[in-house]
Amino acid sequence: MTYPPAPGSNDPYGQQNPYGQQPDPYANPYGAAPGSPAAPQYGPPQPQSPYAQPYPAAPQQTNTMAILALVFAFVFSPLAIVFGHMAKKQIRERGEGGDALATAGLILGYIFTGLAVAVCCGSVFLAAISSSTTS
């Protein structure tokens, strides 16, 4: 037995929904016509069931050499240059993450190595000047 629709109901056919959900007032009750394109969907796509939700993408694994390049930039900078170049090559080949870490390790490695060379050359120069003026 079919009851008349409740006052204020959006159901044009007078059918009761046993789940308590209101039908979509914008949905076409007749479906799409054969051969016509489906109606465009606006907004984010809705999953078909609560179990069909896609899993988030697995995070990329960070290249170990890239991490070592950044660490060794502060410990022993020439080794950071070597690890940085090795990391960049491995990241290109394997598609791993950590390109920014490798770049930072390379830049800091070159800067700190250059500073260390400048300090060594400066100290040798000052030692040569001080030894020649005192004798």
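Just one of the numbered conditions (1) under 22 Å from residue 73 (Cα atoms); (2) modelled with pLDDT under 95; (3) small (Gly, Ala, Ser) is not true of residue 131; which one?
(1)
Any residue in segment 61-81 that's within 11 Å of residue 99 (Cα to Cα): show its pairings with residues that are surrounded by 15 or more Cβ atoms within 10 Å (Cβ to Cβ) and of a type in the set (S, T, N, Q) at Cβ separation under 7 Å, as long as the two are six or more apart or on different chains.
63/90; 65/90
The values are calculated or read from the model by the stated rules, or taken from the named source; none is laboratory data. Please read all numbers here as calculations on a predicted model, not as lab measurements. Positions of Cβ are generated from backbone atoms using ideal geometry, with glycine treated the same way; all protein chains shown enter the neighbour counts.
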